[in-house]
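Undergrad: Just dropping this structure here.
The values are calculated or read from the model by the stated rules, or taken from the named source; none is laboratory data. Note that the coordinates shown come from a computational prediction; the quantities given were computed from them, not determined experimentally. So basically every Cβ, Gly included, is an ideal-geometry build from the backbone, and we count neighbours across all protein chains shown.
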Amino acid sequence: MRIRTAFAIAVAATAAAGPSLAQMPAPPFATTKVEGTDNVYIFRYGNHQAMFVVTKAGVIATDPISYGRPQAAKTYVAEIQKITKAPIKYLIYSHHHYDHIAGGKPFKEAGARVVAHRRAKERLVALKGLDVVIPDEVVDGKRIISLGGTTLELHFTGRNHSDSSLVMLLPKEKIIFAVDFNSLGAVPSRLAINDSYPIEWEASLKRTLALKWDRMIPGHPGPGGRLGTRADMEQQLAFLTDLSAEVKKASDAGKCFSPADTELKLPKYTTLLNYEQNLSWNVHRWCGYWGRGI
Ligand SMILES: [Zn+2]
């Protein structure tokens, strides 16, 4: 969602100019092992990424990240198969948004069972999106997957950026894969807040912080490709909490949507990335909540 790299900006600019897909440069991808782990990897394709875990008994993969680019999932499977010949047993969706979960077919064909939150399946069944594999299994509150000596916990910590987000926790490694509801050092983008749940989002961050983890793999590369920290999530929670309190005041003063969406400022957070370009979208969303109950 957040386009940061020069490459992505170049691709976006080229796309806006309207060339055919054939003229587009092949997007770069990378597979990296997470430092300090034996078997946890990140597959990045363009500006999206997913975690996968390799065990002797098979692979647990997440998010195919292939919306509008089926070659991404094929590349992802090929990258896994360069590391191991063990079968891909699971494909787990972080939430139901297509930019993260479209393109699961090559995983399904490799034998993976597709797992997602119950609400994600309900939405995907109703939406009938192109190139979207419907989950085989659903999770409500919590599910533990054990495979080849690795334990992966799936937690629903409440509605946040979506109503179907699963936090994937590797308890031994103290790593989580959490997508789109914690913008590392940044003000959430328009797309990050478009389909979001004010108040519940803050509660979800608190529940996620209550889990035992040190590092977070985000669904979009962090600044400089870094992983997320608990401090990032605490900062996101503080930002949303202060945003919510200020918008509530503005709403009670009759200032929602306008002029709050242009006038309201949060000076404590001006150093966050994308503060200038994204703040008004956040104010607009929370204005909808406090001002109109939506
Ligand atoms: Zn999303």
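Undergrad: Which number in (1) modelled with pLDDT under 95; (2) among the hydrophobic types (A, V, I, L, M, F, W, C); (3) within 16 Å of the ligand (Cβ to nearest atom) marks the one condition that residue 130 misses?
TA: Failed condition: (3).
Undergrad: Do we find that residue 156 is closer than 25 Å to residue 72 by Cβ and aromatic (Phe, Trp, Tyr) in this structure?
TA: So residue 156 does not fit the description; no.
Undergrad: OK, next. Taking the criterion of being of a type in the set (Gly, Ala, Ser) and touching a Ser or Thr at 6+ places or on another chain (Cβ under 8 Å), would at least one residue in the range 156-164 satisfy it?
TA: yes
Undergrad: Being surrounded by fewer than 18 Cβ atoms within 10 Å (Cβ to Cβ), at pLDDT 95 or above, within 16 Å of the ligand (Cβ to nearest atom) and small (Gly, Ala, Ser) is the requirement here; does residue 68 meet it?
TA: Numbers: surrounded by fewer than 18 Cβ atoms within 10 Å (Cβ to Cβ): yes; at pLDDT 95 or above: yes; within 16 Å of the ligand (Cβ to nearest atom): yes; small (Gly, Ala, Ser): yes.
So residue 68 fits the description; yes.
Undergrad: Next up: Filter the range 118-131 for residues that are crowded, with 17+ Cβ neighbours inside 10 Å and in contact with a strand residue (DSSP E or B) (Cβ under 9 Å, 6 or more places away or on another chain) and give the result.
TA: Hits for the range 118-131 are 119, 120, 121, 124.
Undergrad: Tell me the residue from 205, 166, 191 that is within 16 Å of the ligand (Cβ to nearest atom), touching a residue at least 24 places away in the same chain (Cβ under 8 Å) and in contact with a helix residue (DSSP H, G or I) (Cβ under 6 Å, 6 or more places away or on another chain), please.
TA: Answer to the check: 205.
Undergrad: Right, residue 205: surrounded by fewer than 21 Cβ atoms within 10 Å (Cβ to Cβ), assigned to a helix (DSSP H, G or I) and under 15 Å from the mean Cα position of the chain (by Cα) or not?
TA: no
Undergrad: Which of the following residues is over 14 Å from residue 167 (Cα atoms), among the small types (Gly, Ala, Ser) and within 19 Å of the chain's Cα centre (by Cα): 141, 129, 111?
TA: On inspection, the qualifying residue turns out to be 129.
Undergrad: Let me confirm something: among 134, 176, 88, 144, which residue is buried (at least 17 other Cβ atoms within 10 Å of the Cβ) and without any contact (Cβ under 8 Å) to a residue 40 or more places away in the chain?
TA: 88
Undergrad: Here is a further query. Can you find even one residue in the range 107-120 that is within 16 Å of the ligand (Cβ to nearest atom), under 20 Å from residue 55 (Cβ atoms) and in contact with a Phe, Trp or Tyr (Cβ under 8 Å, 6 or more places away or on another chain)? Spell out how you get there, then give the answer.
TA: Restricting attention to the range 107-120, the residues satisfying the condition of being within 16 Å of the ligand (Cβ to nearest atom) are 116-117, 119-120.
Adding the requirement that they be under 20 Å from residue 55 (Cβ atoms) leaves none.
Taking every residue of the range 107-120 in turn, none turns out to be within 16 Å of the ligand (Cβ to nearest atom), under 20 Å from residue 55 (Cβ atoms) and in contact with a Phe, Trp or Tyr (Cβ under 8 Å, 6 or more places away or on another chain).
Undergrad: Can you pull out the residues in the range 91-145 that are out of contact with any helix residue (DSSP H, G or I) (no Cβ under 9 Å at 6 or more places or on another chain), closer than 18 Å to residue 76 by Cβ and not in a loop (DSSP other than H, G, I, E, B)?
TA: 92, 100, 108, 113, 115, listed by residue number.
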